[in-house]
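Encoded as structure tokens, the structure appears first; notes follow it.
The values are calculated or read from the model by the stated rules, or taken from the named source; none is laboratory data. Only a predicted model underlies this, so the values are computations on that prediction, with no experimental measurement involved. Cβ coordinates were reconstructed from backbone atoms using ideal geometry, including for glycine residues, and neighbour counts include every protein chain displayed. Only protein heavy atoms, including side chains, enter the accessible area calculation; ligands, DNA and RNA are left aside. Shrake-Rupley method; radii C 1.70, N 1.55, O 1.52, S 1.80 Å.
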Amino acid sequence: MKLITSTEELASACSRFATQPFVTVDTEFMRETTYYPKLCLIQIAAPDGSTALVDPLAPDIDLAPFFALMGDEGVLKVFHSARQDLEIIWLLGGLLPQPFFDTQVAAMVCGYGDSVSYEQLVNDVAKAKIDKSSRFTDWSRRPLSDAQLSYALSDVTHLIKVYEALGKELVATDRGAWLDEEMAVLTSPDTYRADPDQAWKRLSSRMRKAREIAVLMEVAAWREREAQSRNVPRGRILKDEAVIDIATSAPRSVEALGRLRTIPAGFERSRTGTDILAAVERGLSRDPASVPTPERGRARSGGNGALVELLKVLLKAVCEEERVAPKIIATVDDLEALAEDGAADVPVLHGWRRGLFGEKALALKAGRLALSAEGGRVVVRELPDA
């Protein structure tokens, strides 16, 4: 197994891949000590048996031929659990693969569960075993061992059979269109744009007061910009717990900041402490009427807890019957919204999801559907008109 370390070798390999109907792709990267992922290896395989292991850390290598292949609309790009791989391609190449297929999403549609592992999928579909001993090795160190390269290459060679089997199943069940919405999210640049002004949403579920959210918005945005500019994990700048403490207590002096239990000793007198206090002041100066309410912070009215639980049971029963993962049909938030409002604008009341589950959910709410247990299974029954 030879690593591609030059632009010329990469261009030659990508020219061969460009003649194929599809290629399978994976990456190995490190991001434990950085904000942005550090690309360490690219693996590609094709149905004609061609393979390539690309070293993006090689001196002077230009990845332009690889990005051209990713943008080649004549070649389908197949990944498994592609979100982080696509983030890297977007950050480094400024594009997202088209056309594109994610076997993890396809596996959910084909009834393999909400988060089936790649190893299990290879075992079930490709009837093969993957040696996982190299999974957590340091991919940035050179030279890479034969064991590392063998493990990395197996990720894309087995993926060929997985894709072909899932593709056939999607055709047989006429569920290909079910993937479109999920694929559209994965291939949208908005999915990978780390907007500092939106960073507060990750932590907002604990907040209820407009004043707290306003401070959270400013402090979280400041932390995100600092992490991006220094290329370090956001937790290296300030832990989540500290951001939440600052938002809820809104310290306005060095002394008040230093009294917070999550702030390290002496931290409050540093330049970072000054920046944090300035962010707090910006938050406090916001007009409370302009502060958004986080979705998870909006209390559901009407005491619909029991109904939500019934909808969860219905969802599981329908998904077991149809052999599809619940995660791709509806989230808990969707079910809560549906329990509160039968006309809620949620995905489950649109398109194929409505036909599969949404109509049944509305019928259950209206008392036209019943759930019962028979032979150890939940059975869904339509009730006769009163």
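Computed values, structure above
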| read-out | value |
| --- | --- |
| Filter result for Val162 (part of a helix (DSSP H, G or I), open to solvent by less than 40 Å² (accessible area, probe 1.4 Å), under 23 Å from Pro326 (Cβ atoms) and among the β-branched types (Val, Ile, Thr)) | yes |
| Unique match (being touching a residue at least 24 places away in the same chain (Cβ under 8 Å), assigned to a helix (DSSP H, G or I) and either of a type in the set (Phe, Trp, Tyr) or surrounded by fewer than 19 Cβ atoms within 10 Å (Cβ to Cβ) (or both)) among Leu149, Leu153 | Leu149 |
| When residues of the stretch 63-89 are limited to those that are acidic (Asp, Glu) and over 22 Å from Ser150 (Cα atoms), the one most open to solvent (accessible area, probe 1.4 Å) | Glu73 |
| Candidate set from the stretch 165-184 (those that are free of Cβ contacts under 8 Å to residues at least 12 places away in the same chain and part of a helix (DSSP H, G or I)); member that is nearest to the chain's Cα centre (by Cα) | Ala184 |
| Failed criterion for Met1 (all others in (1) surrounded by fewer than 18 Cβ atoms within 10 Å (Cβ to Cβ); (2) assigned by the TED database to the domain that holds Thr103; (3) not polar (S, T, N, Q) hold) | (2) |
| Residue match in the stretch 360-378 (condition: more than 28 Å from the chain's Cα centre (by Cα), of a type in the set (Asp, Glu) and open to solvent by 70 Å² or more (accessible area, probe 1.4 Å)) | yes |
| Complete set of residues in the stretch 305-326 that are buried (at least 20 other Cβ atoms within 10 Å of the Cβ) and more than 18 Å from Gly113 (Cβ to Cβ) | Leu311, Leu314 |
| Candidates Glu340, Glu322, Glu359, Glu336, filtered to the one that is acidic (Asp, Glu) and free of Cβ contacts under 8 Å to residues at least 12 places away in the same chain | Glu359 |
| Matching residues in the stretch 105-122 - criterion: being in a helix (DSSP H, G or I) and surrounded by 15 or more Cβ atoms within 10 Å (Cβ to Cβ) | Val105, Ala106, Ala107, Met108, Val109, Tyr118, Glu119, Leu121, Val122 |
| From the options Asp102, Asp60, residue that is buried (at least 19 other Cβ atoms within 10 Å of the Cβ), acidic (Asp, Glu) and either in contact with a strand residue (DSSP E or B) (Cβ under 6 Å, 6 or more places away or on another chain) or modelled with pLDDT under 95 (or both) | Asp102 |
| Residues being part of a loop (DSSP other than H, G, I, E, B), open to solvent by 70 Å² or more (accessible area, probe 1.4 Å) and among the hydrophobic types (A, V, I, L, M, F, W, C) - total across the stretch 327-345 | 1 |
| Only listed residue being in contact with a Ser or Thr (Cβ under 8 Å, 6 or more places away or on another chain) and open to solvent by less than 30 Å² (accessible area, probe 1.4 Å), chosen from Ala247, Ala256, Ala279 | Ala256 |
| Members of the stretch 4-19 found to be among the β-branched types (Val, Ile, Thr) and loosely packed, with under 13 Cβ neighbours inside 10 Å, listed by number | Thr19 |
| Some residue of the stretch 20-42 being out of contact with any helix residue (DSSP H, G or I) (no Cβ under 9 Å at 6 or more places or on another chain), open to solvent by less than 10 Å² (accessible area, probe 1.4 Å) and at pLDDT 95 or above | yes |
| Residue tally, condition closer than 13 Å to Trp222 by Cα and open to solvent by less than 30 Å² (accessible area, probe 1.4 Å), over the stretch 259-276 | 3 |
| Filter result for the condition that a residue is closer than 28 Å to Ser229 by Cα and of a type outside the set (Gly, Ala, Ser), over Glu8, Glu32 | Glu32 |
| Test: Ala199 is at pLDDT 95 or above and not acidic (Asp, Glu) | yes |
| Matching entry among Gly376, Gly355, Gly351 (being more than 18 Å from Glu182 (Cα to Cα), of a type in the set (Gly, Ala, Ser) and in the same structural domain as Glu322 (by the TED database)) | Gly376 |
